[in-house]
Every structure is written in structure tokens, then in C-alpha cells.
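The numbers here are math on the coordinates, done by the rules we state, and not lab data. A quick note: this is a predicted structure, and the numbers were derived from the prediction, not measured. FYI the Cβ positions are ideal-geometry reconstructions off the backbone, even for glycines, and counts take in every protein chain you see.
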């Protein structure tokens, strides 16, 4: 009886241990076992505390967070990967704050002026980065504002919008056909960043997005909070619009109705290749007043050299953004956006992965780069700068693994790795996920376009095969519906709100599991005989080839 009890005990404990820390006899086992869930908890608690004031870009709290992370990298024994022998890579930004004196009026076709209230009815930023932009011009409705020749799609259809304001829906044509705008999965054409960029390329002076919660995948509160405080931009030589912003759906409904257009019918019309732009007979009259200042923020980069004399000149990069929305001076009550889930979780995980791997005598063959980046909440600015100025040439970085907003609510039984299937490393990803007891699931909300909303996208754009590591919606000990409800609750009540705060009730065991998973993936990529490539025909394949020249 005692032998039977011991046998059962051994089998049960072995099963539990294998779920948390797979014992495969691999070179990365010791590093995985060194991951400490309590370290992740304490890092998250500290980084998301009021001491760091919401880690705003260009704010004191953001600078303090960068200095703290740099100190941690130094303690772990990582080599500096930033400027002038430091861990900090300075990111030159322009801080832009739209002032309350800004005027934004839509004069309808009936001559009725709709004077809009900033934050409540609209948000707008002058992306030409000047302190004043005066606009008095006609408005043209351009459907989704997309030109995608590979899909035979053109919302501008030769109409000259130079000097005009273009009005459009956010997102992209509704489709279930994976060969047409990738079906339900949002492409870059659906992102607001693309729409601003394309409007500027077409010569428009203003781009107005019509907000719909179902299309944007977030409510107006998120739009308002993300655009109410200072925004950060990188200077470049590309064209930009004088007014880039959003209006509430009901404002658009009134504007279009006065031009004899039903907004719901306009949405239906915009689904067709036969859609043609339409001048509304309405005008935008605006004076965008801005406070403009030069901002220096920092990415933080630590490097663990590879062990192979030949392969150490190639690398794997871990990333997470350490910034959040900072302090909103115009808010009453709790006005600190602590960002405990978004993204103190990912930052804490990158720190713990760096510590766990650096603490081992055995190292991967290729070099490991650990980076926490700034200004993600401003439009991926920090990772964009890092992608343009990496510590290793982009063509020699074999893989990017990003960690962003990992819900600390339990142990996941699923993982979402959007974009991992697009490169040659995916078979290794599949086998490793299986070893961890993780079922790889597709993005439960592909219409949200998550692949284009986090820092791995910046690395992909310069050719580095990259994706984010996220949990799915099925959590250990709970039905699927529970996980779905948790995700919905977070998006509605904490995402980009001051309520995203640390709580002692948070469960970081899943964060530790995904950190071990990240170590296993990175180590295998670092030891692989060849660099990882995009599959032929992928949208980033050309950038990969260009990075090798």
C-alpha cells in the first residue's frame, strides 16, 4: 500500500512539475528552472507603483523607469547595448500637446456649423509638428481610405484630395475570405497609422476617422485617453497631415445626414470595390494649436554575448515596452495611469528572463539582446527607432520575441502567437508549445489587428521575424467563458485607464510559465544552424532581403 502511495505521489508531482517547467534535458532547462514567479510579481508591483508616475514618455516617471531597468541589467551582468557604453539608447522625440484653445468646426452641406468639443466629440493632433495649423477646406468621404492594389482596392479612385480633408471609417472592408484583406484578421491597411500616412501621401491636409467601437475594438474612452495628453513623434522627411484625429460616430452621422447620406448605408457602400469617393459639400474649419517641445526618452538595451565564436555576431532579441500613459494633469481624482498589466507585466518578464539566463554558466550560441522600449503607447515610436538603429544589423537578428500585456490571472492552457506561423521557425514553436502543455490558438479577436499594434511589428518592418507571446482565453481550472469574460472586463474597465493597477490578488504563475516558454523558444533560435526566414511571399520578406544588403 505504501509503495502504491509513493508511486501515485511521484506520478502526480511529476505531472504538475512537467506542466510548469518541462524537463526535457535541454540546454535551457537550468535557465527555465531559475525563473522565479515572485520576482515577476515584485517587479510588476514596483514598476507599476505610483513612484514611477505611470511611466509617461517624456515625463519624469518614464525616465526613472528606464534608469531602474538599466540598473537591473547591470546587476545581472549584461553588457550595455545603448549609447556611449551605457544601457540607454536615447530616442529623440517631439512632444506634441493639442491645446484646449484649438477650434474644430464641421460646417455641414446645409451650412450648419458643428462646433465640436475636444475629447468629448473629437481628438486631433497636428502631425506636421508645428505650434499652429489653420485649416479651411472641403471634406471628401473616402470610405476606408485604403489603396491596396494587391486586392484590387482603391478608395481614392483618382480623386484629387490635395489640400482637402478626408473622412473615413476606421478598420478595413469586412471579409471572411483569407485571400481578401486576410479575412477577419486586420491588416495594416486597417490601422489608423496607415490611414494618416496614406492621406498625407495623397496630399490631404486633414484625416478624420469615424470611431465605431465594434470596428476599433475599443471604446471612445481609449481614444480620448490616448490622445488627450502629450503625444510623441519621431521627426522624418515623410509627408504628414495638419490634423490627424477621430470623431464620434454620432457626429459623423449628423455630418453625413446633412449631405443626404445615411451613415449606416455609407458603411455598407464602403464594403464594395465599386465605392467612389464623395465630396460632402461640407467644410472643416479648424485652428489646431499645439505645444511643441523636444523630448528625449530612452530605450534600455542589455546584451548577453553568445558562446559560439562564429554565431555570436548574430542575435535573438527580447522586447517589451516599459512606458505607459503617465500622469494626466487635467484629470481629477486618480490621474496616474499605472499600467500594471500594460505593460509592467511584459517588462517584469523580460527582466526575469534576462536574470535567469544570465545567472547560468551555459550560454546560447548566438547573442541575446534584452530591450525595453519607450513610447509604444505613442505609436510604437521607441521600437521604431530601435528597429532603425539596432545594436546588431537587422539582417543578423534571427528572431524577435515580444511580451506585452500578459494578463496576471492564472495559468494559461493556450497561447496566442500571431505571426509565428509566417516564418520558418514555426515547427519549433509548435513542438515547444506542446511540451509546455500549451495549445496554440489563433487570435480570438483578429479584427483588432493585434499584430500591427505592438512592438514586434517595428522589428518585422525591418525584416526581423518577430511575434508576441501571449496567453489565450482558456485558463487552468476555468471554462473558456471565464477567460473570455476576464478579457472583456479588462478591455472595458482597465485598458488605458487609471484602474490598471497592481493588486495582491494578481496571479503571476502564468507569466512565469510564458517566461520559461520564451526562454525555450529564444534558446532554440539562438542555437539553430541557420537564421530564421519569412515564408516566401510574406509582406516582410522583401525587408528581410534588403536587410542583408
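Take every Cα-Cα pair in the range 394-549 and report what % of them are more than 29 Å apart.
On the way: 2483 of 12090 pairs.
Everything past 29 Å amounts to 21 percent.
Rounded, prolate or oblate: which one fits the range 25-89, using the alpha carbon gyration tensor with axes a ≥ b ≥ c (rounded when a/c is under 1.5, else prolate when a/b beats b/c, else oblate)? Don't skip to the answer; put the middle values down first.
On the way: a/c = 3.40, a/b = 1.40, b/c = 2.43.
Oblate.
Between the range 230-264 and the range 425-447, what is the separation of their alpha carbon centroids in Å?
37
Per 5 Å bin, what percent of the C-alpha pairs of the range 96-292 does each bin hold, from zero upward?
Final binned percentages: 1, 8, 17, 22, 22, 16, 9, 4, 1, 0.
Of the peptides 79-90, 467-478, 325-336, how do they stack up when ordered by the mean number of other Cβ atoms within 10 Å, highest first?
Answer by packing, highest mean first, reads 467-478, 79-90, 325-336.
Quick one: compute the contact order of the range 96-292, relative version, from alpha carbon pairs under 8 angstrom and 6+ residues apart, as a percent. Walk me through the intermediate numbers first.
Working: 424 pairs, mean separation 80.8, N = 197.
Value for the range 96-292: 41 percent.
What distance in nm lies between label points placed 7 Å from Cα along the C-beta direction at residue 481 and residue 272?
The answer from the label model is 4.1 nm.
Please compute the Kirkwood hydrodynamic radius over the chain, one decimal place, Å, based on all pairs of different Cα atoms. Kindly include the intermediate steps, with their values, before the conclusion.
Numbers: mean 1/r = 0.0410 Å⁻¹.
That comes to 24.4 Å for the chain.
Where does the Debye-calculated log10 I(q)/I(0) of the range 320-419 sit at q = 0.10, 0.13, 0.15, 0.19 Å⁻¹, using only Cα point scatterers of equal weight, no solvent?
Treating every Cα as an identical point scatterer, log10 I(q)/I(0) equals -0.37, -0.60, -0.78, -1.12.
What is the helix-to-structure angle for 60-76, meaning the angle in degrees between its Cα long axis and the longest Cα principal axis of the chain, kept from 0 to 90 and rounded to the nearest 10?
For 60-76 against the chain, the angle is about 20 degrees.
What distance in nm lies between label points placed 7 Å from Cα along the C-beta direction at residue 160 and residue 389?
Distance between label points: 4.1 nm.
Could you work out how far apart the two model spin labels at residue 235 and residue 213 are, taking each label as a point 7 Å from the Cα in the direction of the beta carbon, and quote it in nm?
4.2
Specify the angular offset, from 0 to 90 degrees and rounded to the nearest 10, of the alpha carbon long axis of helix 509-527 from the longest principal axis of the alpha carbons in the chain.
Result, in degrees: 80.
With a ≥ b ≥ c taken as the square roots of the eigenvalues of the C-alpha gyration tensor of the range 71-204, please select rounded if a/c is under 1.5 and otherwise prolate if a/b is larger than b/c or oblate if it is not? Each step should come with its number before you reach the end.
Numbers: a/c = 2.57, a/b = 1.40, b/c = 1.84.
Oblate, since a/c reaches 1.5 and b/c is not below a/b.
Rounding to the nearest 10 and keeping the result within 0 to 90°, find how far the Cα-based axis of helix 426-435 lies from the longest principal axis of the chain.
The angle comes out near 50 degrees.
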